[in-house]
Amino acid sequence: MSVPVRDASTVVLVRDNEHGLEVFLQRRVKAMAFAAGMTVYPGGGVDASDRTAPTGVDPWVGPAPSWWAEQFGTDTPTARALVLAAVRETFEECGILLAGPDEHAVVADTAAYAAGRRAVESREIAFSEFLADTGLSVRADLLRPAARWITPEGETTRRYDTRFFLAVVPTGQRADDATSEAVDAGWFRPADALADLRTRARTMMPPTWSTLADLAEHDTVADAFAASYRLDPVQPVLVRDGEHRRVEFPGAERYYAAFA
């Protein structure tokens, strides 16, 4: 049976520190239906509420949804939902809120929004309602497109068309691990995270590995944001060999070499 493909958003959070560029990673709980136990970035599927058209003034700052649609090869309503999902999931999963009262300001301390975060995560209120209640606007200008990966055909549980966004943590905000979806989380140099893959300390899927490999080539956030990224969709091909299976995609040789 063909598994339907859902739209999803993933946010690669980065920051500068004395050791160079770092990226925020989470290890998902083993009970998750998708990517159980894997090391991932914050993110998830687009919700129906992300697609709900706003009433009144749209709380949005930065490139218009039509621009995002062009970058990610989709229609404008879906592009808007993808950006909204990216900001929502990041807020839910690690407390980083890419929003502000206007185009000149970003939330500096999310502690005051803890109750709203819990309400959004538990689906008591839609994220758009949270924004309206707090007078905040999505800061789409803090995001930039970084990649697009589609779960291969043959996957029997869930498939996603995932757009990857790059974002720097706003000044004053701190990412945490206060989510039921992860057993641990923290900041890593990309090279160190890739080394953990080689030693089996962590496991990660090709999209995570690929974006980490790209980031490992940059010393600072500015360098990472200035780089060019491949936005053509990458859909690995699932190859079965008896009881074993592997995926083929551009760069697969380097990925599997990491386990050697």
* Asked: Want the number for R15 to I150: 0.36 nm per residue separation, take away the alpha-carbon distance, what's left?
  -> 45.9 nm
* To do: Calculate, for the chain, the solvent-accessible area per residue in square angstrom, rolling a 1.4 angstrom probe over the heavy atoms of the protein chains.
  => 47
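Does the stretch 11-136 come out rounded, prolate or oblate by the C-alpha gyration tensor, with a ≥ b ≥ c the root eigenvalues, rounded set by a/c under 1.5 and, if not, prolate when a/b is larger than b/c and oblate if not?
Details: a/c = 1.31, a/b = 1.25, b/c = 1.04.
Verdict is rounded for the stretch 11-136.
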* **Segment D177-R6, length gained on full extension (0.36 nm per residue, minus Cα span)** => 59.0 nm
* Given Cα pairs under 8 Å that are at least 6 residues apart, what percent is the relative contact order of the stretch 69-156? -> 28
* Structure fact -> Sparse-neighbourhood loop hits (chymotrypsin sites (Phe, Trp or Tyr not before Pro), the stretch 194-260; DSSP loop; Cβ within 10 Å at most 14 others) -> F259
* Asked: Relative contact order for the stretch 124-209: what is it in percent, counting Cα pairs under 8 Å that are at least 6 residues apart?
  -> 17
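Rounded if a/c is under 1.5, else prolate if a/b beats b/c, else oblate: with a ≥ b ≥ c from the C-alpha gyration tensor eigenvalues square-rooted, which is the stretch 148-260? List each step's numbers first, then the result.
Values: a/c = 1.60, a/b = 1.50, b/c = 1.07.
Taking the square roots of the gyration eigenvalues as a ≥ b ≥ c, the stretch 148-260 is prolate.
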* Considering the chain as a Gaussian network with a 10 Å cut-off on Cα pairs, which listed residue, L98, L142, L238, attains the greatest mean-square fluctuation? -> L238
* Structure fact -> The answer for GluC sites (Glu not before Pro) in the stretch 90-137 that fall in a DSSP coil and have at most 15 neighbouring Cβ atoms within 10 Å is E103, E124
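Where in the chain is the longest stretch that carries no trypsin sites (Lys or Arg not before Pro) classed as loop by DSSP and with at most 15 other Cβ atoms within 10 Å? Could you put the intermediate results ahead of the total?
Values: sites that count: K30, R123, R158, R174, R200, R230.
Value returned for the longest uninterrupted segment is 31-122.
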* Asked: Hey, what did the chain get for relative contact order, percent, Cα under 8 Å, at least 6 apart?
  -> 27
* Given charges at Cβ of Lys, Arg, Asp, Glu: the chain dipole, positive-most of T90, V247, A48 -> V247
* To do: Run the dipole for the chain about the Cα centre, Lys and Arg Cβ at +1, Asp and Glu Cβ at -1, nothing else charged, and hand back the magnitude in debye, nearest 20.
  => 720
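Taking the stretch 159-260, which GluC sites (Glu not before Pro) meet the DSSP loop condition and have no more than 13 other C-beta atoms within 10 Å?
Numbers: sites: E181, E217, E243, E248, E253; in loops: E181, E217, E243.
Filter output for the stretch 159-260: E217, E243.
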* Structure fact -> Inter-part gap, Cα centre of the stretch 187-260 to Cα centre of the stretch 85-147, in whole angstrom, is 28
* Any idea how far apart D184 and E253 come out in nm if each label point goes 7 Å out from Cα toward Cβ? -> 3.4
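The values are calculated or read from the model by the stated rules, or taken from the named source; none is laboratory data. On a predicted model such as this, the values are computed, not experimentally measured, just so you know. Every residue, glycine among them, receives a Cβ derived from its backbone with ideal geometry; neighbour counts consider all protein chains shown. In case anyone asks, the SASA skips ligands and DNA or RNA and just uses the protein heavy atoms, side chains included. Shrake-Rupley method; radii C 1.70, N 1.55, O 1.52, S 1.80 Å.
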